[in-house]
1. Given the conditions (1) within 24 Å of residue 220 (Cα to Cα); (2) modelled with pLDDT under 90, report the number of the one that residue 54 does not fulfil.
2. Scan the range 89-99 for residues that are within 18 Å of residue 184 (Cβ to Cβ) and part of a helix (DSSP H, G or I) and jot them down.
3. Can you find even one residue in the range 114-122 that is exposed (fewer than 15 other Cβ atoms within 10 Å of the Cβ) and at pLDDT 95 or above?
4. Can you tell me which residue among 207, 233 is surrounded by 19 or more Cβ atoms within 10 Å (Cβ to Cβ) and in contact (Cβ under 8 Å) with a residue 12 or more places away in the chain?
5. Examine the range 74-88 for a residue that is closer than 19 Å to residue 205 by Cβ, part of a strand (DSSP E or B) and at pLDDT 95 or above, and state whether such a residue exists.
6. For the range 71-105, how many residues meet the condition of being over 20 Å from residue 195 (Cβ atoms), over 17 Å from the mean Cα position of the chain (by Cα) and touching a residue at least 12 places away in the same chain (Cβ under 8 Å)?
7. Every residue in the range 40-59 that is in contact with a strand residue (DSSP E or B) (Cβ under 6 Å, 6 or more places away or on another chain) and touching a residue at least 40 places away in the same chain (Cβ under 8 Å), please.
8. Mind checking whether some residue in the range 43-51 is modelled with pLDDT of 95 or more, closer than 28 Å to residue 181 by Cβ and outside any loop (DSSP other than H, G, I, E, B)?
């Protein structure tokens with residue numbers, strides 16, 4: 001697949017090292033939608049998973065329903081190549097909302113689910129919702145400045161390496177203003193039926209950063225835990241919203257420590273951490 005095709009349809013990014021004998025882990029990213037920010041975690045995750053990261057086109061203005069359908073089609077395409085293997089669904093922030101939509105649409109598809117600082121708590125920050133509705137008033141030439149100002153709310157900056165900090169800002173600036181406005185509107189309107197959510201019986205790991213300055217993530221994972229019948233909460237005491245970028249956070253180790261791995265997948269393998277576009281053939 002060539003780079004321009006990412007601008008046409010959602011697709012999966014895959015590390016250089018493909019491991020079809022391992023469970024499939026599907027990562028749904030935050031509002032940037034690029035899927036590239038998972039790369040700091042890829043090497044660790046490859047010890048137990050064949051990783052795919054969703055990339056959403058920068059100008060994608062589709063609804064939750066259309067995004068959900070796209071994710072399910074991509075997963076089914078993977079399973080056509082290698083049927084019967086377990087699928088882990090992992091969603092972070094905006095992707096946490098999408099993961100809930102995907103999971104209730106096809107609950108039988110997923111062995112386990114991981115939600116990290118899910119942005120379903122967006123409505124609990126009235127000021128954020130109010131500011132997001134005024135974003136359209138910001139001139140485009142000031143948009144990059146706004147992204148820089150938002151950075152301390154998105155991440156605990158001292159806990160992120162300078163290169164990852166730069167990549168986070170670059171990624172934020174890569175998303176057009178119109179797309180940001182659209183995705184914020186999706187978060188304002190986000191809703192899942194609690195009865196449907198409560199029918200998810202597979203294990204769900206709920207991860208929240210206690211120092212999240214953007215959203216009340218600890219409160220939100222506790223709320224979700226009251227709905228899901230089979231869950232465990234992990235609170236990361238010093239972490240912000242973009243916790244997977246923080247230097248001392250290792251998602252693989254978190255899953256391992258919380259017995260969230262396949263028993264036959266907890267092995268060491270070679271490492272690879274560069275994403276490429278997946279060949280659809």
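1. Evaluating residue 54 over (1) within 24 Å of residue 220 (Cα to Cα); (2) modelled with pLDDT under 90 leaves (2) as the failure.
2. 94, 95, 96, 97, 98
3. Within the range 114-122, none of the residues are exposed (fewer than 15 other Cβ atoms within 10 Å of the Cβ) and at pLDDT 95 or above.
4. One residue alone meets the criteria, 207.
5. Yes, the conditions are met somewhere in the range 74-88.
6. Selection size over the range 71-105: 7.
7. 42, 45, 49, 52, 53, 54, 55
8. Scanning the range 43-51 turns up no residue that is modelled with pLDDT of 95 or more, closer than 28 Å to residue 181 by Cβ and outside any loop (DSSP other than H, G, I, E, B).
The values are calculated or read from the model by the stated rules, or taken from the named source; none is laboratory data. These numbers come from a predicted model, not from an experiment. Positions of Cβ are generated from backbone atoms using ideal geometry, with glycine treated the same way; all protein chains shown enter the neighbour counts.
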